[in-house]
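Step one of this worksheet: look at the structure below.
The values are calculated or read from the model by the stated rules, or taken from the named source; none is laboratory data. All values reported here derive from a predicted model rather than from experimental measurement. We place every Cβ from the backbone using ideal geometry, glycine too, and count neighbours over all the protein chains shown.
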Amino acid sequence: MPTRRTKRGAERTPLGGEPDVLICGASFAGLAVARELAASGADVLVVDRYEIGERQTSACAAPTGWLRALGLEGAMRQTFDTLVVHTPYMTARMRLPWTFSTFDYRELCGLLWEQCDAKFETAKVEGRAGTVIRTDRGEIRAPLVVDALGWRRILAGDGGYQPPDAPLSRGLEVHPWGAGDELEIWIDRGYVPAGYSWSFPAADEVRVGVGSFDPLHHVKEPTVRLAADLEREAVRYQGNWIPHRLRPAAADGIFFAGDSAGHCLPLTAEGIRTAFYFGIACGRELRAVVDRRKDRERALRDYAHFSATHRWKFEAMLRVQRLVPRLPPRLLAASLRAMESRRFLDWSFGHYLEIAPPEFAGAAPTSGQADALSAAA
Ligand SMILES: Cc1cc2nc3c(=O)[nH]c(=O)nc-3n(C[C@H](O)[C@H](O)[C@H](O)COP(=O)(O)OP(=O)(O)OC[C@H]3O[C@@H](n4cnc5c(N)ncnc54)[C@H](O)[C@@H]3O)c2cc1C
């Protein structure tokens with residue numbers, strides 16, 4: 001069981017103050033923003049309801065290239081060059097042109113945090129009035145505010161999303177102790193009518209779960225059943241809603257990064273590298289404001305535009321997400337067989353990685369860094 005490290009009782013002294021940048025949320029997106037602001041000279045405050053790395057939010061598999069680009073190799077647990085896809089009729093072995101690695105969430109967050117020079121406080125963010133952010137430890141005022149709080153998009157003025165009526169998938173997994181050699185997924189309506197199931201080994205534990213693209217479909221029973229089918233224990237649960245549609249990355253003077261902006265990719269529900277990618281893009285815009293190369297309004301516009309230029313790719317993936325569950329199982333099996341070809345895998349997974357490529361990360365930021373986002377746009 002993870003030990004709770006969040007401040008309790010008398011430790012929860014009132015918060016206040018006026019940092020230059022307030023980053024709400026200290027997971028993948030929030031920490032990527034903070035890393036990009038290192039050595040900028042800005043007074044950056046990061047808040048989260050839990051201590052950094054305390055509460056794992058995913059199966060923690062990401063392209064190895066991204067983990068290397070961010071100097072996070074130390075958190076890696078296992079690396080896979082093949083994706084094994086099971087259907088009721090066949091198993092496809094897809095040799096990928098690049099690898100995925102599973103990692104330890106707490107260690108990864110710790111390594112990212114070491115690259116930041118921000119301050120951190122545990123506080124629950126409750127809402128905002130303008131650029132005054134309300135937390136359970138008091139109000140914080142900041143000219144530059146980032147919502148990296150996940151799918152709830154708490155700082156939006158639009159009332160947020162209410163599952164199950166929102167474009168959200170749902171995911172649940174268990175983390176039994178044990179080992180495995182293969183990164184496996186199941187496209188099998190016996191487990192979930194629209195979605196997929198997975199088993200991701202990570203050295204001494206395996207993350208076994210089910211994701212449903214249809215938010216009305218519950219995933220606890222199939223998760224327990226999949227674990228039983230794999231002779232794994234259904235223990236140490238973690239689950240969440242997963243957005244599958246982009247939302248405006250800037251609104252009402254707030255920057256949104258990661259799941260709060262719907263930056264998780266439809267179909268695969270891969271949201272870690274995109275949280276890094278858009279978090280870095282957001283951090284670069286904030287840095288341009290800190291360095292007085294842009295004003296806040298221009299940075300908000302440019303960041304929103306940058307995010308929106310990816311819309312067609314997210315929409316294309318959403319179309320495939322909607323198509324796959326409608327394919328007759330035998331046609332799906334035949335399509336997967338055809339997709340096993342080296343040429344197809346290089347082409348399709350190459351394009352897939354290009355949606356948020358690891359080269360975007362660049363070197364760890366230093367003071368006086370050029371505005372790489374403007375250069376990349
Ligand atoms: C079961 C499951 C498995 C997944 N597996 C993978 C995977 O293997 N690979 C992959 O790429 N993606 C995976 N995803 C998707 C991925 O987890 C998300 O896309 C990713 O975590 C988004 O990162 P984020 O930083 O935007 O948000 P989050 O990781 O959700 O972080 C939000 C942060 O905000 C904090 N927070 C929330 N509300 C408040 C509040 N009111 N006050 C203060 N703090 C608050 C939280 O504590 C958290 O630290 C999975 C999702 C699920 C549900």
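Things worth noting here:
- Within segment 266-275, if we keep just the residues that are crowded, with 17+ Cβ neighbours inside 10 Å and not charged (D, E, K, R), the residue that is nearest to the ligand (Cβ to nearest atom) turns out to be 271.
- When 298, 293, 273 are screened for being within 20 Å of residue 144 (Cα to Cα), in a helix (DSSP H, G or I) and of a type in the set (Lys, Arg), only 298 passes.
- Note on segment 41-69: residues that are away from the ligand (no atom under 14 Å from the Cβ) and within 20 Å of residue 147 (Cβ to Cβ) amount to 3.
- Scanning segment 85-139 for residues that are at positive phi and within 15 Å of the ligand (Cβ to nearest atom) returns 127, 138.
- Candidate set: segment 106-138, residues that are farther than 13 Å from residue 24 by Cβ and free of Cβ contacts under 8 Å to residues at least 40 places away in the same chain; chosen: the one surrounded by the most Cβ atoms within 10 Å (Cβ to Cβ): 114
- Restricting segment 232-265 to residues that are more than 7 Å from the ligand (Cβ to nearest atom) and touching a Cys at 6+ places or on another chain (Cβ under 6 Å), the residue that is modelled with the lowest pLDDT: 243
- Answer from 40, 101 - the residue that is in a loop (DSSP other than H, G, I, E, B) and surrounded by 22 or more Cβ atoms within 10 Å (Cβ to Cβ): 40
- Condition met for residue 334 (assigned to a helix (DSSP H, G or I) and at pLDDT 95 or above): no
- Those residues of segment 43-68 which are aliphatic (A, V, I, L, M) and either surrounded by fewer than 20 Cβ atoms within 10 Å (Cβ to Cβ) or in contact with a Phe, Trp or Tyr (Cβ under 6 Å, 6 or more places away or on another chain) (or both), in sequence order: 46, 52, 59, 61
- There is at least one residue in segment 64-81 that is in contact with a Lys or Arg (Cβ under 7 Å, 6 or more places away or on another chain) and within 28 Å of residue 205 (Cβ to Cβ).
- Residue match in segment 185-193 (condition: within 23 Å of the chain's Cα centre (by Cα), within 12 Å of the ligand (Cβ to nearest atom) and not β-branched (Val, Ile, Thr)): no
- Residue in segment 202-217 that is outside any strand (DSSP E or B), touching a strand residue (DSSP E or B) at 6+ places or on another chain (Cβ under 7 Å) and over 30 Å from residue 307 (Cβ atoms) present: yes
- Of the residues screened, residue 227 is not one that is assigned to a loop (DSSP other than H, G, I, E, B) and either more than 16 Å from the ligand (Cβ to nearest atom) or in contact (Cβ under 8 Å) with a residue 12 or more places away in the chain (or both).
- Qualifying residue in segment 284-293 (condition: over 9 Å from the mean Cα position of the chain (by Cα), free of Cβ contacts under 8 Å to residues at least 12 places away in the same chain and over 17 Å from residue 321 (Cβ atoms)): yes
- Residues of segment 140-152 satisfying the condition of being more than 10 Å from the ligand (Cβ to nearest atom), outside any strand (DSSP E or B) and either crowded, with 16+ Cβ neighbours inside 10 Å or of a type in the set (Asp, Glu) (or both): 142
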